[in-house]
Amino acid sequence: MITLKSKREIGLMHQAGKLLANCHKEIAKLIEPGITTMEIDAFVEKYLAEHGATPEQKGYQGYKYATCASINDEICHGFPRKKMLKKGDIVTIDMVFNLNGALADSAWTYAVGEISETDQKLLKVTKEALDRGVEQAVIGNRLGDIGHAIQSYVEGEGFSVVRDFTGHGIGPTLHEEPQILHYGQSGKGLRLKEGMVITIEPMVNVGKWQSKMDKNGWTARTTDGKRSAQYEHTLAITKDGPLILTEQ
Ligand code: MF3
Ligand code: CO
């Protein structure tokens with residue numbers, strides 16, 4: 001079932017999203033060679049507690065941490081670890097905040113120190129892919145318009161779009177209908193309506209789009225060992241166009 005949200009509910013989710021966006025900005029200041037993803041996770045736990053919010057991912061289907069921290073060839077759902085990040089790494093921090101029952105979900109990929117030209121392009125293209133998807137999230141458009149905008153742009157830049165993980169409806173629980181594919185055909189799929197709140201979260205690979213699962217049952221990584229990046233926003237479909245909730 002797809003739940004449509006009222007202006008009030010969207011407003012509350014926006015509060016959670018603003019807090020989350022600010023936390024990403026704080027993480028950006030912390031990321032440098034030598035820091036560990038476990039330290040970043042601890043920072044997020046502390047940040048949440050100080051702001052009266054809770055980590056929705058922790059305990060979700062047995063997941064143990066506040067954040068997902070996916071390094072280099074890891075696509076998503078990497079566990080925070082005690083291993084130090086080093087210059088040239090890229091790391092995706094994905095987190096879901098719960099503020100007074102309202103949820104917001106957002107991921108950013110960060111560069112650790114100086115990164116390769118290919119990785120600079122990967123981060124730029126992935127962010128632009130998200131923006132192009134968001135642009136299509138208007139009343140009357142179809143889900144395929146979002147997927148097509150992302151896929152055609154990413155593939156045109158010589159990268160690939162992960163198929164095995166999707167965006168989703170969000171609120172009152174983390175993963176709600178509909179699924180948001182980051183590939184597809186324009187003009188196809190469900191029509192977007194006022195009051196839908198969804199995530200768009202393209203994962204973009206330098207090489208092939210295929211993924212494989214680690215033994216831990218959570219972490220997905222590329223099959224060819226090449227790198228992967230992700231940007232994710234939570235957004236509402238409104239009369240005035242897409243309203244990004246995980247932004248200030
Ligand atoms: N934030 C992730 C998403 O975009 C949720 C990951 S599942 C969890 O859907 F177990 F890590 F919480
Ligand atoms: Co999500």
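Some observations on this one:
- Only one of the numbered conditions (1) more than 16 Å from ligand 2 (Cβ to nearest atom); (2) part of a loop (DSSP other than H, G, I, E, B); (3) of a type in the set (A, V, I, L, M) is not met by residue 174, and that is (1).
- So residue 92, is it touching a strand residue (DSSP E or B) at 6+ places or on another chain (Cβ under 8 Å), among the hydroxyl-bearing types (Ser, Thr, Tyr), within 14 Å of ligand 2 (Cβ to nearest atom) and under 30 Å from residue 226 (Cα atoms): yes
- Inter-residue pairs, beta-carbon under 7 Å, first under 22 Å from residue 176 (Cα atoms) and in segment 222-248, second small (Gly, Ala, Ser) and assigned to a loop (DSSP other than H, G, I, E, B), 6+ apart: 235/137; 237/137; 237/195; 242/137
- Hey, residue 60 more than 16 Å from residue 230 (Cβ to Cβ), within 12 Å of ligand 1 (Cβ to nearest atom), in contact (Cβ under 8 Å) with a residue 60 or more places away in the chain and not small (Gly, Ala, Ser) or not: yes
- Subset tally (residues that are under 21 Å from residue 224 (Cβ atoms) and surrounded by fewer than 21 Cβ atoms within 10 Å (Cβ to Cβ)) for segment 126-159: 4
- Qualifying residue in segment 80-102 (condition: among the basic types (Lys, Arg) and assigned to a helix (DSSP H, G or I)): no
- Among the residues listed as 122, 103, 99, the single one being open to solvent by less than 50 Å² (accessible area, probe 1.4 Å) and farther than 22 Å from residue 9 by Cα: 122
- Pair list, Cβ < 8 Å and 6+ apart or interchain, from segment 13-32 residues that are open to solvent by 60 Å² or more (accessible area, probe 1.4 Å) to residues that are modelled with pLDDT under 95 and outside any helix (DSSP H, G or I): 18/248
The values are calculated or read from the model by the stated rules, or taken from the named source; none is laboratory data. Because the structure is a prediction, the values reported are computed rather than measured. Positions of Cβ are generated from backbone atoms using ideal geometry, with glycine treated the same way; all protein chains shown enter the neighbour counts. Surface areas here come from the heavy atoms of the whole protein model, side chains and all, with no ligands, DNA or RNA. Shrake-Rupley method; radii C 1.70, N 1.55, O 1.52, S 1.80 Å.
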